[in-house]
Amino acid sequence: MVEILLMGRVKVGNKKRKVAGGVSAYANLANKRRVKKDARARKKAEYLATLPKHPVKRLLYRLHPKRLAKYWFSRDGAVMALKVVGIALLLIVIGIASLFAYFRKDLDKINPDTLAQRVKTTVTKYYDRNDKLLWEDKGTGDYTLVVDAKTIAPCMGKATIAIEDKDFYKHSGISASGIVRAFISNSQGNAVQGGSTLTQQLVKKVFFTKDEAMQRGLSGIPRKIKEMILAIEVERMYSKDQILGLYLNESPYGGRRNGVESAAQTYFGKSSKDLTLPECSLLAAIPNNPSLYNPYNTYGRKALVERQHKVLDDMVSMNYISKQEAAAAKKVDIMDTIKPLADQYANVKAPHFVQMVKKQLEEELGKTIVGEGGLSVKTTLDLDAQTTLETNITKLFNGEITDGNCGYRNCSQFAGFSNGAAAIEDTKTGQLVALVGSRDFNYAGFGQDNAATAFIQPGSSIKPLVYARLFSNQGGNNANYGSGSILADSKTTFPGNYSPNNADNKFQGNITLRQALARSRNIPAIKAMAINEKTNSGSTWSLIRSAGDLQYCTQGADAQAGLSSAIGGCGTRLVDHVNAFATLGRMGTYKPQTTILKVANSNGQTLKQYKESSKQVIDQQAAYIVSDILGDGKARAGLAGRDYLVNLGRAGVKAAVKTGTSN
């Protein structure tokens, strides 16, 4: 029993010793910490006791360089430094995140997913009715020609990546290594190098105005942050190849040219799909400084060639081409292949017509829309008819077209005129199919002036419309007139002491109205207008304008014209006058003259489309009588003793024709 008790005590005693030993270990560790803490506190108190009592003196004492150095290289200083750096980094991250969040709200209206729609052609193309190209209007400012990126020569993309953004296929919109590389290069005094990726450059060009893109320093920080955010967003929405294609279609390539297609056509006279390695490397060199590297800038040509060679070297370093290919490209005298700069009207067809159409579009769609470009305009012109008309106008002034009416001499010299214009309208539709505005668009002095839209007196060619009113129902108990009615061609003094003569200064007495119109006698025409105005004041001008001569007797002093307007005493436009004659050919039905069939913007949206409309403005019987008289060859023969359109008669063609002469 005693042994058991003793054994129990031993066991208990052993247990107590184990517990006591454990407690002692923990107590020793806590005691050591306490000692160290007390020591540090005592040391700090001793240090503080050595400091001056005055706060300012104490601060200066602590800021002594030796004491500062001793502190920062001590254990406490290292711990403090780590804390400061950690807090600084945290604040920087929070600050950048806050800035991104702040500026991100301004980007919602930009919609980076619309990038592809924003990169668009700004060149307006005009076509004839059969889709034959008439003119590429590049405007007077910068212009862009957009093509399918897949058709651009592969060397163009490789050259661009090599010189502008070597890490293009590695980064996600912004490149830290690019920024560092640019900083080092610039700090070493090398040529200024940007740290922006291709994506950032594209974003800056598309989404920001020129003024915003040019901002530098502190004022440019908000734009730069937005640019980086957008670059990241764009990289998320588009593939690398899509971004590269958009960049090539949008980047500046010197002068007014944006997009590699416009550069290829201008500088090399070819499409971007046909570019060679020397040409690709030259074009890739330009966007870095388009003003300096513009191939037409003679002062920058040496620098451009040097940069082109750098492009080739960079392509070699990226294994895009071999050293042999680069060497061969450098041997090409690339600047000698640059085409001369052409003006905006180079290769234009039907120049007066397309300029007239452009002006019409500016009036209907607004100058802003037309100025932005990118339109596709299908016109009513028939290029084959236009070419024939231009050829005959040229022959007329060269004396190659003549007959007995001109004494078989040069008709322009015989009749004493130095310029001419012509227009052809499809009578059924009112569509203008050909127009020449001068004897030659490039003729010195007035060649580019469009005489077809200038106000010129129509002379006797206005008479058919005067008679059309006379042949219409005069109303009430007033007498009506027909082609067999008689008016005296005799010396007459009209109100206002107006006493006109005929062109031959002779009078033919009583003649039928068929004879009077076909022979173009002045006195009966003036009498016809006097009758119109007596029965219905203003009716003559009203009919003339309704038929198509919209502005006859409306310009300046013309608005006060009287009976002299019956023989062409007011001005009108040739294009309007042609439509008025077409109204007679349509048996008195007016149709607005049109030059445009369809207009679409760069997105394919239709902005304007031809719609036929009509209105009866002249009595059908009256229009028929006038047309019949004008097509009467026998009646025309009374003017000069023979039919001056005898060749048409021999060909079996019946044409309603009226001449007109003015001084």
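The values are calculated or read from the model by the stated rules, or taken from the named source; none is laboratory data. Keep in mind that this is a model prediction, so the values were computed, not measured. Please note: Cβ atoms are built from the backbone with ideal geometry, for glycine as well, and neighbour counts cover all protein chains shown.
A few remarks follow.
- Scanning segment 518-555 for residues that are in contact with a Lys or Arg (Cβ under 6 Å, 6 or more places away or on another chain) and aliphatic (A, V, I, L, M) turns up Ala518, Ala525, Leu543.
- Number of the condition not met by Ile225 [criteria: (1) farther than 19 Å from Pro287 by Cα; (2) at pLDDT 85 or above]: (2)
- Qualifying residue in segment 614-634 (condition: surrounded by fewer than 17 Cβ atoms within 10 Å (Cβ to Cβ), among the small types (Gly, Ala, Ser) and outside any loop (DSSP other than H, G, I, E, B)): no
- Among residues of segment 617-655, those that are of a type in the set (Lys, Arg) and closer than 18 Å to Ala516 by Cα, counted: 3
- Hits in segment 446-503 - residues which are at positive phi and within 56 Å of the chain's Cα centre (by Cα): Gly459, Gly475, Gly496
- Residue within segment 575-591 that is surrounded by fewer than 23 Cβ atoms within 10 Å (Cβ to Cβ), farther than 27 Å from Ala503 by Cα and under 37 Å from the mean Cα position of the chain (by Cα) present: yes
- Qualifying position, being surrounded by 22 or more Cβ atoms within 10 Å (Cβ to Cβ), closer than 19 Å to Leu639 by Cα and assigned by TED's automatic domain parsing to the domain that holds Asp576, among Pro500, Pro524: Pro524
- Scanning segment 310-329 turns up one or more residues that are touching a helix residue (DSSP H, G or I) at 6+ places or on another chain (Cβ under 7 Å), farther than 29 Å from Glu136 by Cβ, basic (Lys, Arg) and free of Cβ contacts under 8 Å to residues at least 60 places away in the same chain.
- Filter result for Ile163 (under 23 Å from Asn319 (Cβ atoms) and either at pLDDT below 80 or part of a helix (DSSP H, G or I) (or both)): yes
- Looking only at residues of segment 556-573 that are crowded, with 23+ Cβ neighbours inside 10 Å and of a type in the set (A, V, I, L, M), we find that the one that is nearest to Ala422 (Cα to Cα) is Ile567.
- Odd one out for Asn294, checked against (1) in contact (Cβ under 8 Å) with a residue 60 or more places away in the chain; (2) polar (S, T, N, Q); (3) in contact with a Gly (Cβ under 7 Å, 6 or more places away or on another chain): (1)
- Contact map, segment 73-89: first residue of a type in the set (A, V, I, L, M), second residue in a helix (DSSP H, G or I), Cβ cut-off under 9 Å, separation 6 or more or different chains; pairs are Ala78/Trp72; Met80/Tyr71; Met80/Trp72; Ala81/Trp72.
- Just so you know, in segment 339-363 the residues that are surrounded by fewer than 16 Cβ atoms within 10 Å (Cβ to Cβ) and touching a helix residue (DSSP H, G or I) at 6+ places or on another chain (Cβ under 9 Å) include one that is nearest to Ala162 (Cα to Cα), and it is Lys339.
- Residue in segment 361-380 that is more than 17 Å from the chain's Cα centre (by Cα) and at pLDDT 95 or above present: yes
- Considering residues of segment 629-663 that are over 17 Å from Ala525 (Cα atoms) and among the charged types (D, E, K, R) only, the residue modelled with the highest pLDDT: Asp632
- Number of the exception - Asn603 against (1) surrounded by 14 or more Cβ atoms within 10 Å (Cβ to Cβ); (2) out of contact with any helix residue (DSSP H, G or I) (no Cβ under 6 Å at 6 or more places or on another chain); (3) not hydroxyl-bearing (Ser, Thr, Tyr): (1)
- In this structure, Val626 does not qualify as touching a Leu at 6+ places or on another chain (Cβ under 9 Å), free of Cβ contacts under 8 Å to residues at least 40 places away in the same chain and of a type in the set (Val, Ile, Thr).
- Of the helices (runs of 4 or more DSSP H) that lie entirely inside segment 494-609, those containing 1 or more residues that are without any contact (Cβ under 8 Å) to a residue 24 or more places away in the chain span 522-535, 539-547.
- Flag if Ala488 is outside any helix (DSSP H, G or I), in the same structural domain as Leu584 (by TED's automatic domain parsing), farther than 26 Å from Leu645 by Cβ and in contact with a strand residue (DSSP E or B) (Cβ under 7 Å, 6 or more places away or on another chain): yes
- Once segment 76-128 is narrowed to residues that are modelled with pLDDT of 75 or more and of a type in the set (Lys, Arg), the residue that is farthest from Lys359 (Cα to Cα) is Lys83.
- Candidate set from segment 275-303 (those that are of a type in the set (A, V, I, L, M) and surrounded by 21 or more Cβ atoms within 10 Å (Cβ to Cβ)); member that is nearest to Asp333 (Cα to Cα): Leu282
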